[in-house]
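Okay, structure first, notes after.
The values are calculated or read from the model by the stated rules, or taken from the named source; none is laboratory data. This is a predicted model, so every value here is computed, not measured. Heads up, the Cβs are rebuilt from the backbone with ideal geometry, glycines too, and the neighbour counts pull from every protein chain shown. What goes into the accessible areas is simple: the full protein's heavy atoms, side chains included, and nothing from ligands, DNA or RNA. Shrake-Rupley method; radii C 1.70, N 1.55, O 1.52, S 1.80 Å.
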Amino acid sequence: MRRTGPEEPEAGGTGDPSPEPTGTPPAEAGDGHPRERESPRTGTDAPHEPSDTRTDAPRDPSAPDADTDADTDTDADTEADAGADAGADTPAGHDPAPTKTRSPWPRRVGRGVLALVLVLLLPVLAAQAALRINYTGDPADGTRTRDRDALWLGHAWVDGRKTDVDVTALARQLRGTGIRDLYVHSGPLEHDGSLPKSAYPRARWLIEAVHREIPGVRVQAWLGDILAPEHPEALHLERAASRAAILRSTREVLDTGYDGVHFDLEPLHSGDRDFLALLDALHRETRSRDVPLSVAAHQIDPLPAFHSFWGTLTGHPKWWSQEYFGQVARRVDQIALMSYDTIQPLESTYGGYVAQQTALALEVTPPSTDLLMGLPFFKENRFGHWAHAETVPAAVRGVRLGLSRTDADRARFGVALYVDFAATEADWAAYRRDWVNRR
């Protein structure tokens, strides 16, 4: 699957060195998982009025001679004489040419630009202030792990790069945490929905090793692909043949021994009925095997119909409506909201955003479905994701605030950590301290 998040290191080593961050504008996804994927205005001078034009009327003999009043001349008299002299050369019946004035257009344009800036900027500032306020307060007691957390794992775990030593280290890392599910990247799907078994040659080894070393932890096959219509050459869910192929691929990975299947198909537009039809078919299959069906979900509209506005503006409707999120949640056993790549510039506004997303998701997720909120276990700096803002402590605090205000006692709730190969010790420490908090 393509995303703008961290790329897993290429094959060739026994471990996963820290990846170099990558980034592209959010319009290219920015909200999912890797495919292993912005002169002062001057006033207008007032026009000069022309002086009266001198005429050739006879001179009054009793009028004083101009020369006798020379000592009392004023600047105004001089200017009037000058104007009269100029007027003497003007043909009778014609006014003198008016003084050239500046056009009023620069002023009007300046005012228009200022008005436009205010129209665009004020709502943004208001929204940021609201998110900052949403980050205030204290989480309720007990809003900690319910032992239903999850961790996304890279493809190295099933392609031969990992060994028993790595599983032992993973078991040590997970000890005492609330992690119950591992989403192991086992794809991506081909654009026709098929999945060659060669994509996950070491899956059975990993499943058996995890069951032995980390009892009670489930290994789910993480599958996905990029989607049409944003990528015409990619997977077309509107094609019945593609959906049928995805169902066959799911059966095959479950036959391998996976404990469930986790889908991340992006970019998936809000209201996609073909995706809902696919989920219905997949859920019938997983239910018959008594294993979970899990999906990674887009963020929910922070404002009503925001996905439509953003889609018109960018061609990439990043968000889902709250209604559509609920429709998806009712068709699966687990739904993991990818609450990162949010464009938020500050920890406080990011945390407030996560609190809002948590509340919105809780409102429409049935109690029978596990709701997981994604935590950013990776560092990037680009337009859609700022590492100094999207931190694990801010995300966990936001999750706890949203949970406290909406459904503090929700049992089927957790967090999902993205992603193992980019995680730092500071990320793990913050997760343990702020969310697990075992006493």
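Database remark: amide H of Ala336 closer than 5 angstrom to the amide H of Val295, Ala296, Ala297, Leu372 (H placed geometrically; neighbours at sequence offset of 5 or more, or on other chains; Pro and chain starts carry no H).
For Lys197, the accessible surface of its heavy atoms amounts to roughly 130 Å² (probe 1.4 Å, protein chains only, rounded to the nearest 10).
Heavy-atom accessible surface of the range 361-402, averaged per residue, reaches 26 Å², computed with a 1.4 Å probe. Modelled spin labels at Ser198 and Thr163, positioned 7 Å past Cα toward Cβ, are 2.6 nm from each other.
Our coupling estimate for the range 244-251, obtained by passing each phi through the Karplus curve with A = 6.51, B = -1.76, C = 1.60 and θ = phi - 60°, is 5, 5, 5, 5, 5, 4, 5, 4 Hz, Gly and Pro reported as x. Accessible area per residue (1.4 Å probe, heavy atoms of protein chains only) ranks Glu323, Glu7 as Glu323, Glu7, with the largest value leading.
What's the center-to-center distance, using Cα atoms, between the range 392-439 and the range 162-241 in Å? Rounded to whole Å, the Cα centres lie 22 Å apart. Around the amide H of Ala416, modelled in the peptide plane, lie the amide H atoms of Ala150, Met373, Gly374, Leu375, all under 5 Å away and 5 or more residues distant in sequence or on another chain. Coupling constants for the range 149-159 follow from the phi torsions by the Karplus curve (6.51 cos²θ - 1.76 cosθ + 1.60, θ = phi - 60°), and in residue order they are 7, 9, 9, 7, 10, x, 5, 4, 6, 10, 9 Hz; glycine and proline get x. Couplings for the range 169-174, taken from phi via the Karplus curve 6.51 cos²θ - 1.76 cosθ + 1.60 with θ = phi - 60°, read 5, 5, 4, 5, 5, 8 Hz in order; Gly and Pro are left as x.
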